[in-house]
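The values are calculated or read from the model by the stated rules, or taken from the named source; none is laboratory data. Because the structure is a prediction, the values reported are computed rather than measured. Cβ coordinates were reconstructed from backbone atoms using ideal geometry, including for glycine residues, and neighbour counts include every protein chain displayed. When the accessible area is computed, the model is the full protein with side chains, heavy atoms only, and any ligands, DNA or RNA have been set aside. Shrake-Rupley method; radii C 1.70, N 1.55, O 1.52, S 1.80 Å.
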Amino acid sequence: MKKLLLIPLALAVLLTGCAGRGDKNPEESAAAAHQVAPLTLSEEESALLDLIAGTDGEYGLYACGMGEDMTGCTIEVLSWEDGAWQTLAEGGLSSSSSETLRLGIVLSGNKITVNFQDGSSKYSYAPQVEGMDRDLNSGRSWVWMDAPQELVAGERVPLYLEVYDSGDGVRSATLPDTFTNAGQLNSYDRAYAVALTVEG
């Protein structure tokens with residue numbers, strides 16, 4: 001239990017550390033003003049997460065450049081039901097006090113913890129998700145967003161996707177393609193995701 005409580009704490013420390021870096025030039029910063037991208041960790045930061053989470057830890061860290069024209073964002077935990085994504089839980093900001101939002105997503109048991117930091121303010125929520133079973137050796141596939149994605153006001157950008165199939169096997173999921181493919185999602189027994197939506 002202590003281990004699970006320490007993972008969000010370690011992520012908060014890492015999000016704060018990554019937020020303090022000033023290694024981007026102005027052109028890179030402008031290009032990243034309307035995108036979400038995986039955070040690159042140093043060897044020391046990666047080792048810290050492995051120490052806290054263990055080798056089986058599942059987490060994703062992201063930086064979101066919303067730009068001055070974006071008025072806020074929503075981060076949702078979703079379930080695929082009746083041919084559409086349904087919101088299980090959500091959190092977000094109605095406005096941003098900084099140009100960059102940091103996100104940390106942690107999977108532990110049947111719980112998805114979403115941590116986000118805007119400037120010096122930190123927020124978190126952690127819904128339990130019925131149907132999630134991270135102990136399955138087969139019939140489960142998952143994927144993290146691993147490349148920068150453009151942000152368009154009102155459009156969901158998936159950061160994490162997990163699918164289940166109790167048949168002969170589960171087809172691998174990809175992002176962002178599987179997230180928007182209703183036919184493929186309908187072929188699974190169940191699917192869950194975490195997605196970010198910015199408002200303009």
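Across segment 93-111, which residue is modelled with the lowest pLDDT among those that are assigned to a strand (DSSP E or B) and open to solvent by 40 Å² or more (accessible area, probe 1.4 Å)? Steps first, please.
Of the residues in segment 93-111, the ones assigned to a strand (DSSP E or B) are 93, 100-108, 111.
From what's left, open to solvent by 40 Å² or more (accessible area, probe 1.4 Å): 100, 111.
Working: 100: 75, 111: 86.
The extreme case among them is 100.
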Every residue in segment 176-200 that is within 25 Å of residue 70 (Cβ to Cβ) and either touching a His at 6+ places or on another chain (Cβ under 9 Å) or buried (at least 20 other Cβ atoms within 10 Å of the Cβ) (or both), please.
179, 193, 194, 195, 196, 198
Open to solvent by 60 Å² or more (accessible area, probe 1.4 Å) and in a helix (DSSP H, G or I) - does that describe any residue in segment 155-170?
no
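With respect to residue 44, determine if the residue is open to solvent by 40 Å² or more (accessible area, probe 1.4 Å), assigned to a helix (DSSP H, G or I), of a type in the set (D, E, K, R) and modelled with pLDDT of 50 or more. Don't jump to the end; show me each part of the working.
Numbers: open to solvent by 40 Å² or more (accessible area, probe 1.4 Å): yes; assigned to a helix (DSSP H, G or I): yes; of a type in the set (D, E, K, R): yes; modelled with pLDDT of 50 or more: yes.
So residue 44 fits the description; yes.
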